[in-house]
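In what follows, a structure is listed as structure tokens, so that the remarks can point back to it.
The values are calculated or read from the model by the stated rules, or taken from the named source; none is laboratory data. Just so we're clear, the structure is a prediction, and the values are computed from it rather than from any experiment. As a convention, Cβ positions derive from the backbone with ideal geometry for all residues, glycine included, and neighbour counts pool all protein chains shown.
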Amino acid sequence: MSISLRQLRAFVAVAEAGSFSAAAVKLHLTSSALSLLIREMERILNVRVFDRTTRQTVLSQAGAEFYPLAKKVLDDLARAVESTKDLELKKRGTIRVACSPLYSTALLPELLSHYREQYPAIAVNILDSTYQSAMSRVMSGEADIAIMPHRISPPELVQERLFTERIVFICRSDHPLASRQHVTWDQVLKEAIVSVAHEYTTRLQVDLLKYSAKLVLNPQHSVSFVTTALGMVQWKHGVTALPESAISLLPPYGLVARPIKRPSVNRDISLFYKRGIRLTPAALSFREFLSQQSLGNRRLEELS
């Protein structure tokens, strides 16, 4: 005969409560029923697990050695049950993702089509956001997670890198530089540049100056959205330099992209979520899905 889970739970409850009566209350059993469970377990083990007196109940030497093993069995079982429940919960629910307009347009639609093949009952709400707005939404609970370029994030947030991508040169197909396999930053900076967002331009300038003090970015036009920049380039207002995720947006505008060298400038894209708050099972499933994807540099390889 083997020891049952009821007997293990009874043994651990008595060991932790220090008395049969307190343990019986916790387990919603009568004292006689609890005593019977312990006696049956002692008979199976052929040892006494408690030393009983009229005043107290303490673990015997054998009981003290058996307690951590019994506790581990029960804890492992509880984790296994919880994990199984989580797997079921991951199949349904809602995820709220704060994401920059570029990645919500060029990256998420493709990813969601594959994600929904695995989790068709989970709804994903995309919240187009600037970086500051995305961080505020995650911290306030309005969004479960955010997908944004790497930043020094607030201590209240966890940041996990998803992938790295390069900045590419974008121009009309009839532009003189379009015929080249790649271009240099010296060549790009001689053009009329359409810049996207002040923060993006500032970070790009910092990266260029790390390579050479001569690489100074002086945009001729500054816009807020990637699609606006592409429209400006389409109508011959200049060229632009954007993360390679923008490549999927180029065909309707008649634009092309080329790798930029000397230097190659990269951008890390990260997943953000609130520290100390357990993600919902649905959000956990999306986080795990993202970690399994081969993201970054997929489109650039086609250009190189």
Pair list, Cβ under 7 Å, 6 or more apart: region 126-138 residue in the same structural domain as S113 (by TED's automatic domain parsing), other residue assigned to a helix (DSSP H, G or I) and surrounded by fewer than 16 Cβ atoms within 10 Å (Cβ to Cβ): Y131/E199
Inter-residue pairs, beta-carbon under 6 Å, first assigned by TED's automatic domain parsing to the domain that holds T201 and in region 222-245, second of a type in the set (S, T, Y), 6+ apart: S222/S195; A229/T240; L230/Y253; V233/T240; Q234/Y253
Residue, surrounded by the fewest Cβ atoms within 10 Å (Cβ to Cβ), within region 236-279, restricted to residues that are hydrophobic (A, V, I, L, M, F, W, C) and within 21 Å of L290 (Cα to Cα): I277
Tabulated pairs, region 196-219, first in contact (Cβ under 8 Å) with a residue 40 or more places away in the chain and of a type in the set (F, W, Y), second surrounded by 12 or more Cβ atoms within 10 Å (Cβ to Cβ) and in a loop (DSSP other than H, G, I, E, B), C-beta under 9 angstrom, 6+ apart or interchain: Y211/R262; Y211/P263; Y211/V265
Test result for R137, closer than 21 Å to I269 by Cα and part of a strand (DSSP E or B): no
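A quick yes/no check of all residues on (1) surrounded by fewer than 19 Cβ atoms within 10 Å (Cβ to Cβ); (2) over 15 Å from L279 (Cα atoms); (3) at pLDDT below 95:
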position	(1), (2), (3)
L87	yes, no, yes
A98	no, no, no
Y131	yes, yes, yes
V138	no, no, no
Residue satisfying all of: in region 140-165; in a loop (DSSP other than H, G, I, E, B) and closer than 22 Å to V206 by Cβ; modelled with the highest pLDDT among these: H150
Residue within region 139-160 that is without any contact (Cβ under 8 Å) to a residue 60 or more places away in the chain, in the same structural domain as R258 (by TED's automatic domain parsing) and farther than 24 Å from L208 by Cβ present: no
Complete set of residues in region 220-235 that are surrounded by fewer than 18 Cβ atoms within 10 Å (Cβ to Cβ) and either touching a helix residue (DSSP H, G or I) at 6+ places or on another chain (Cβ under 8 Å) or closer than 15 Å to R262 by Cα (or both): H221, S222, F225, T227, G231, Q234
